[in-house]
Amino acid sequence: MSLSQHAQQICDILATLYPQAHCELEFSTPFQLLIATILSAQSTDAQVNKLTRRLFAKYPTVEAMAELSVEELEEQIKGVGLFRNKAKHIAATCQLLLSEYGGEVPKTREELMQLPGVGRKTANVVLANAFGIPAFAVDTHVLRVSKRLGLAQGSTPDQVEAEITALLPAGQWIDAHHRLIWHGRRICHARNPRCGECPLAPHCPSAKTEGEEHDE
Ligand code: SF4
């Protein structure tokens with residue numbers, strides 16, 4: 001079986017396991033998703049959602065959030081990790097959105113990555129989930145699960161993104177991203193993957209039998 005056939009087989013099984021997989025960050029506009037994604041670095045989606053429910057109720061738009069000083073933003077987001085840096089980035093991003101983009105979130109990766117606090121992963125999340133533009137974001141779950149399943153060999157998110165996007169048609173990137181994350185959160189955990197109950201086990205080169213342990 002070729003690597004692309006293997007990848008398709010994995011994607012088909014993931015589709016039956018998680019037909020409803022979606023972004024678990026809560027948002028109602030591209031701007032809110034951008035802010036939520038900046039906040040999500042080294043924090044769980046649940047922590048971010050708890051915080052943004054309150055934040056977006058008070059400051060739902062770029063215009064409203066741009067009124068806040070860095071110190072006021074710190075006060076609003078101090079429930080998440082790295083909040084001082086994130087406050088600086090969000091304040092600067094709001095100013096840039098207003099001055100350069102008329103208050104809109106840009107729709108290209110290059111423009112998004114010019115915004116403070118926005119790296120390639122965040123840009124891909126925004127492209128895919130705010131605009132439906134094919135992009136494949138690689139977070140810690142996607143990296144780990146893709147490698148265990150033999151879909152990628154690279155050790156960095158950029159390498160894994162390049163491998164997976166070469167393997168799958170663009171129309172599958174967004175769903176594959178969500179489904180790999182859901183599988184990583186629910187079954188293929190970093191420390192104790194539940195291989196014994198994983199429907200992908202017959203196709204997974206890293207499947208372990210009971211008693212064996214993964215290195216990560
Ligand atoms: S068999 Fe184990 S290592 Fe492979 S995808 Fe399933 S849980 Fe992860």
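The values are calculated or read from the model by the stated rules, or taken from the named source; none is laboratory data. Because the structure is predicted, anything quoted here is derived from the model rather than measured. No Cβ is skipped: glycine too gets one built from the backbone with ideal geometry, and neighbour counts run over all protein chains shown. For the accessible areas, the whole protein counts, side chains as well, though only heavy atoms, and no ligand, DNA or RNA atoms are used. Shrake-Rupley method; radii C 1.70, N 1.55, O 1.52, S 1.80 Å.
Things to note:
- Filtering the stretch 193-210 to residues that are surrounded by fewer than 16 Cβ atoms within 10 Å (Cβ to Cβ) and either touching a strand residue (DSSP E or B) at 6+ places or on another chain (Cβ under 9 Å) or under 10 Å from residue 148 (Cβ atoms) (or both) leaves only 205.
- Some residue of the stretch 167-181 being open to solvent by 40 Å² or more (accessible area, probe 1.4 Å), in a helix (DSSP H, G or I) and polar (S, T, N, Q): yes
- Counting only helices (runs of 4 or more DSSP H) wholly contained in the stretch 1-59, the ones carrying 1 or more residues that are within 14 Å of the chain's Cα centre (by Cα) and surrounded by 19 or more Cβ atoms within 10 Å (Cβ to Cβ) occupy 30-39, 45-58.
Residues are listed down the side, and each one gets a yes or a no for (1) under 26 Å from residue 164 (Cα atoms); (2) acidic (Asp, Glu):
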{"position": "28", "(1), (2)": "no, no"}
{"position": "34", "(1), (2)": "yes, no"}
{"position": "43", "(1), (2)": "yes, no"}
{"position": "52", "(1), (2)": "no, no"}
{"position": "71", "(1), (2)": "no, yes"}
{"position": "81", "(1), (2)": "no, no"}
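- Long-range neighbours under 6 Å by Cβ, at least six apart or interchain, first residue touching a residue at least 12 places away in the same chain (Cβ under 8 Å) and not assigned by TED's automatic domain parsing to the domain that holds residue 42 within the stretch 13-25, second crowded, with 16+ Cβ neighbours inside 10 Å and part of a loop (DSSP other than H, G, I, E, B): 13/200
- Check on residue 165, more than 19 Å from residue 45 (Cα to Cα), of a type in the set (Ser, Thr, Tyr) and either more than 15 Å from the ligand (Cβ to nearest atom) or in contact with a strand residue (DSSP E or B) (Cβ under 6 Å, 6 or more places away or on another chain) (or both): yes
- Selection from the stretch 118-146 of residues that are within 15 Å of the ligand (Cβ to nearest atom) and free of Cβ contacts under 8 Å to residues at least 40 places away in the same chain: 143, 146
- For beta carbons closer than 7 Å, sequence separation of 6+ or different chains, a first residue in the stretch 148-166 that is at pLDDT below 95 and a second that is buried (at least 21 other Cβ atoms within 10 Å of the Cβ) and among the aromatic types (Phe, Trp, Tyr), there are no qualifying pairs.
The rows are residues; the columns are (1) open to solvent by less than 10 Å² (accessible area, probe 1.4 Å); (2) in the same structural domain as residue 9 (by TED's automatic domain parsing); (3) outside any loop (DSSP other than H, G, I, E, B).
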residue	(1), (2), (3)
110	no, no, yes
115	yes, no, no
122	no, no, yes
144	no, yes, yes
